[in-house]
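All remarks here apply to the structure that follows.
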Amino acid sequence: MMNQVKTAAEIANIRISGQMLAAVLRYLTPLTVPGVTTKELDRLAAAELERLGGQPAFLGYQGFPGVICISVNDEVVHGIPGPRRIAEGDIVGLDFGVNYQGMITDGAITVPVGEVGAEAKRLLVATQEALTAGIAQVRQGARIGDLSHAIEARLRRDRLGVIEEMCGHGVGHQVHEDPLILNYGRGGTGMRLKAGMTIAIEPMATLGDRHIYVADDHWAIKTSDGSLGAQFEHTVLVTPDGAEILTQ
Ligand code: MG
């Protein structure tokens with residue numbers, strides 16, 4: 001198993017990886033407009049990352065055919081870019097992975113396209129705040145259940161569906177490493193974080209219930225009740241007294 005506590009040299013490279021990831025998501029956000037296809041956004045992400053000097057971490061990962069996962073409305077995560085055209089009022093998840101010098105970061109945002117409804121706004125605010133609440137728990141010695149509980153509590157405050165089948169994870173040498181970081185759980189439980197670990201924290205929530213299914217393309221994860229789903233994610237470095245967000 002690869003080292004969970006990264007070396008100084010690995011951390012230097014993962015910082016650059018995270019900066020590239022954040023730059024590409026910043027670049028894509030204003031381009032996520034009515035009429036653009038998700039395939040075109042994928043092409044733009046690929047070109048911008050290449051210009052910055054990084055490599056896509058998701059392309060080919062377990063056979064994923066895109067550079068970036070693009071998940072629209074009732075798709076929560078893992079959407080394959082394709083001919084679908086973005087429409088006014090959509091919410092569009094952009095989940096991206098970058099490899100720089102062998103060090104991988106993972107991050108996601110959900111973008112509102114034009115004017116979205118009040119319920120969609122509520123979902124986006126609560127899911128993003130759940131990510132912030134989880135990150136606020138990160139420090140050396142904190143237990144993973146502390147993060148999980150903070151995320152769940154923020155989502156429950158808005159009575160959102162808390163998806164249980166997918167979760168955050170260690171990241172760095174691989175897209176997915178140990179430990180798992182559930183989006184629900186009890187404080188004071190689970191393993192303790194160590195300074196130098198790099199973890200991806202990624203609340204996923206729905207406006208309906210928590211149930212999901214895998215679409216016919218074998219990738220996109222959709223809400224069973226057709227309600228909107230959202231995801232926000234950062235890769236963070238655990239430090240002695242907190243977290244350094246690497247993908248912002
Ligand atoms: Mg992830």
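What follows is calculated from the coordinates using simple rules that are stated; it is not laboratory data. Only a predicted model underlies this, so the values are computations on that prediction, with no experimental measurement involved. When we count neighbours, we look across all protein chains shown, and the Cβ atoms used for this are built from the backbone with ideal geometry, even at glycine.
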Which entries in the list K194/K222; K6/K121; K121/K222 go over 29 Å, if you measure between the two C-alpha atoms of each? K194/K222; K6/K121
Under a Gaussian network model of the chain whose springs join Cα atoms within less than 10 Å, the largest fluctuation of M166, M191, M20 belongs to M191
Are there DSSP H segments in the chain that both extend 15 Å or more along their axis (alpha-carbon positions) and score a mean Kyte-Doolittle hydropathy of at least 0.0? List them, or say none. 8-28, 118-136
Give the residue list of GluC sites (Glu not before Pro) in the stretch 40-135 that are DSSP loop and have at most 15 other beta-carbon atoms within 10 angstrom. E88, E115
When the expected Rg is taken as 2.2 N^0.38 Å, what fraction or multiple of it is the alpha-carbon Rg of the stretch 8-245? 0.95
Work out, step by step, the length gained on full extension between D216 and K194: first 0.36 nm times the residue separation, then minus their alpha carbon distance; give nm to one decimal. 3.9 nm
The Cα radius of gyration of the stretch 7-98, divided by 2.2 N^0.38 Å with N its residue count, comes to 1.10
Pull up all non-local amide H partners of G79: gap of 5 or more, or a different chain, and H-to-H distance under 5 Å with H placed in the peptide plane. I70, S71, I221
Computed P(r) (all Cα pairs; the stretch 65-117; 10 Å bins; percent): 24, 48, 22, 6, 0
What value does the stretch 44-149 have for Rg/Rh, both radii from Cα atoms and Rh as Kirkwood defines it? 1.02
L59 and T132 label points (each 7 Å along its Cα→Cβ direction) are spaced in nm at 3.5 nm
With runs of 4+ DSSP H residues as the only contributors, calculate the mean residue ellipticity of the chain at 222 nm using -39,500 (n - 2.57) per run, divided by the residue total and rounded to the nearest 500. -9500 deg cm²/dmol
5 angstrom amide H check on G66, placed H, neighbours 5+ away: G60
